[in-house]
Amino acid sequence: MTYFVTGATGFIGRFLVQSLLQRGKGTVYVLVRPKSIGKLDELREFWGKESVKRVVAIKGDLAQPKLGVSKSDLTRLKGKVKHFFHLGAVYDLEASAEAMHKANIVGTQSALECAEAVNAGCFHLVSSIAAAGLYRGTFTEDMFEEAEDLDHPYYRTKHDSEGLVRANTRVPFRIYRPGVVVGHSKTGFIDKIDGPYYFFKALQKLRESWPRWIPLVGVEGGYINLVPVDYVVNAMVHLAHQPKLDGRCFHLTDPKPRRMGEVLNVFARAAHAPEMAFRIDPKLFALVPEGVTQSLDRAKPVQGVVNQLMHDLQIPKSVLKFANYPTRFDSSETQKLLEKAKIRVPLLEDYAWRLWDYWERHLDPDLSIDRSLRGAVKGKVVVITGGSSGIGEAAAIRIAEAGGKVVVVARDEEKLAEVRKKITDLGGFVKTYSCDITDYAANDQLATDILKEFGHVDVLVNNAGRSIRRSLALSYDRFHDFERTMQLNYFACVRLTMNLMPSMTARKRGHVINVSSIGVLTNAPRFSAYVASKAALESFARCAASEFHDEGVHFTIINMPLVRTPMIAPTKIYEDMPTIITPEEAADMIADAIIRKPQRIATKLGVMAEIMHLVMPKMSEVVMNSAYRMFPDSAAAQGKKDGDAQRTATKEAMIFASLMRGIHW
């Protein structure tokens, strides 16, 4: 038995060729574009040793008359091809209308011409349930002209390509309409993200952020007809070799389709994600006046929210149009023919876990993202304030080692020189500026000099800061503490950010990272001046993020836990706390911010403290007050000399501090 296959290197095609090879000893001729010969060679390993002799490449192109097959090859094949399988087509809803027409319409016409030229015994068209359009009701295998709502180019071209085959009178034909083809039910293999796979990222995010035992509310959606690729191929090969079936159309669909909500729940169980326990029937939305829904669809705020949600979940917006699919497919006649061979659609629950596992291991889009710091900063201009020591110095070294162009800003020229030497000795790029950013004139000049030197800034890390640990009871006559803390931690950072923002918005690209404090989340006692200044910076960043979201500029807040830096040296009690993080660990948090560009980075303890304050504010207040009484003010805060006797932290206090890693006390 001799076969000719177009689209043999595609998803269904690779399994079809494998099945044909296993069926007999005949030759399988496959249409391959000259540029795709390499892909065919890769598939020979998948098909096995026999494919070396039995799979013969025929060079051609779907867009050319008679598939672009040479006259010599047409002559060689004439009278030999018993079954001509045409799978070559575009199956991507996101493809352009031009690409769909070229592959689906022109390609099918060319395939018919080629089949006629070689006197093929039967032309087998692999169509799609899309040929029915958005028919409302049950679409049977003998229906064609009844198709409805063919406005989408994918539906229209699949329908019209069927029409070409039905209109031909010279070559016997059989048409197959598979449902939504998913991965292999035994291995989970699939070569691209399509259909229900578009929702896998959303399920993954739910699994990572939402307890599985909490039920969700979702939409029921229309019926979605899923079939694994092995069922489609087994059914097609069996039907192709049965006698007296020419001129018929076969629905290779699940006789028991599921609604979208139910399908997503099956995959949620496979992913160990929370399920939609309450699913809303979309018919209820019909009760909303059409004018209201149209107004909402056109509203820019609504469009913006939907677009961002789709972007975050990596779901093409066009997919939503088909979530409420109205068509049911009757496959009863095909089922009778397949039942004799015991070819049945496997239960989705039996293989959904394989589909999920294969996607997560091989096709998850996040797997291909360069999450290295080098990928994020190589060749980028990164400005770090307060970079002569501590967190800033550690971050500057990390970024320079990763290939970033580091611009370090600080007041102390000698310390800047030390940092500059460390980075240059490592082979990194560094430029240093000595500047007191609380001096507005100097701040403005700094921004001017940086932009003149580099032309733009990709990342600004507002790290420079001042911390004061002193209880309010000891601060009544020290209002200047609040003023100078606000001057550096808030006003200076905002000034520099505003100086650099125009260059970022002009390029539609930029990232501002504000190093805040865990104290903003925990409401740490003795740090009212420091926490208030950092809280102000956070509020500024949140407001700015809302304004510049569509300008390509990102803002990230890092609620940094207590770090062992020179800034905390005057507080001797911290010397006995073993749980404070190092500058290098803090630099890791800055690196993570640059790579992921999240809105906030915080420790789990900090997040828990914030939640506790929101849910149980009085309880949070009691806990923090207890901590306040456990720990003494420093000698400096009390106005004592270093040698003066002062109360030290008790064992109880140190145990408490160890449990509350990184919180300021």
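Worth a mention:
- Estimated D of segment 181-234 in µm² per second, where Rh is the Kirkwood radius over Cα pairs and Stokes-Einstein applies at 4 °C, 1.567 mPa s: 97
- Positive-end residue, the chain charge dipole about Cα centroid, Cβ charges, pick of TYR91, GLY221, ILE468: TYR91
- Gyration tensor (alpha-carbon) shape descriptor, segment 1-55, a/c threshold 1.5: prolate
- Value of relative contact order over the chain, rounded to a whole percent, pairs C-alpha under 8 Å and six or more apart: 9
- Whole-Hz ³J(HN,Hα) from phi, Karplus 6.51 cos²θ - 1.76 cosθ + 1.60, for segment 57-69, glycine and proline x: 7, 10, 6, x, 7, 4, 7, 9, x, 6, 6, x, 6
- Rounded Å value of the spacing that divides the Cα centres of segment 74-150 and segment 1-39: 17
- Relative frequency of Cα-Cα separations exceeding 24 Å in segment 96-214, percent: 44
- For the chain, the spherically averaged projection of the C-alpha convex hull amounts to 38.0 nm².
- Estimated inter-spin distance, GLU145 and SER546, nm [label 7 Å along Cα→Cβ]: 5.9
- As a rough footprinting exposure proxy, the listed residues TRP210, TRP47, TRP353, TRP359 were ranked by other beta carbons within 10 Å of their own, and the order from fewest upward is TRP210, TRP353, TRP47, TRP359.
- On Cα atoms only, tilt of 390-401 relative to the major axis of the chain in degrees: 40
- Square roots of five times the Cα gyration tensor eigenvalues for segment 416-535, Å: 30, 17, 14
- Taking Cα atoms only, the orientation of helix 229-240 departs from the longest principal axis of the chain by about 10 degrees.
- Straight-line cross-link partners of LYS25 among the lysines, defined as a Cα under 18 Å from its Cα and at least 8 positions apart when in the same chain: LYS49, LYS53, LYS80, LYS82.
- In the chain, the longest principal axis of the Cα atoms and the axis of helix 200-209 are about 30 degrees apart.
- Computed magnitude of the charge dipole of the chain (debye, nearest 20; Cβ of K, R +1, Cβ of D, E -1): 1720
- Placed amide H near VAL219: partners under 5 Å, 5+ positions off or other chain: ILE280
- Going from the fewest other Cβ atoms within 10 Å to the most, the residues MET498, MET504, MET276 appear in the order MET498, MET276, MET504.
- Across segment 168-287, Cα-Cα distances exceeding 26 Å account for 37% of all pairs.
- Among the listed pairs LYS378/LYS422; LYS380/LYS415; LYS405/LYS452, a Cα-Cα separation exceeding 21 Å is found for LYS380/LYS415.
- Of the chymotrypsin sites (Phe, Trp or Tyr not before Pro) in segment 466-516, the ones in a loop by DSSP (not H, G, I, E or B) with at most 12 other beta carbons within 10 Å are TYR476.
- Per residue, the chain reaches -13000 deg cm²/dmol at 222 nm when only DSSP H runs of four or more residues are counted, each adding -39500 (n - 2.57).
- Gap separating the Cα centres of segment 593-623 and segment 453-478, nearest whole Å: 20
- Cβ-based exposure ranking for MET100, MET1, MET619, in which fewest neighbours within 10 Å come first: MET619, MET1, MET100
Any read-out appearing in this document is the output of simple, stated calculations on the displayed coordinates, not a laboratory observation. Keep in mind it's a predicted model, so treat the numbers as computed, not measured. Cβ atoms come from the backbone with ideal geometry, glycine included; neighbour counts cover every protein chain shown.
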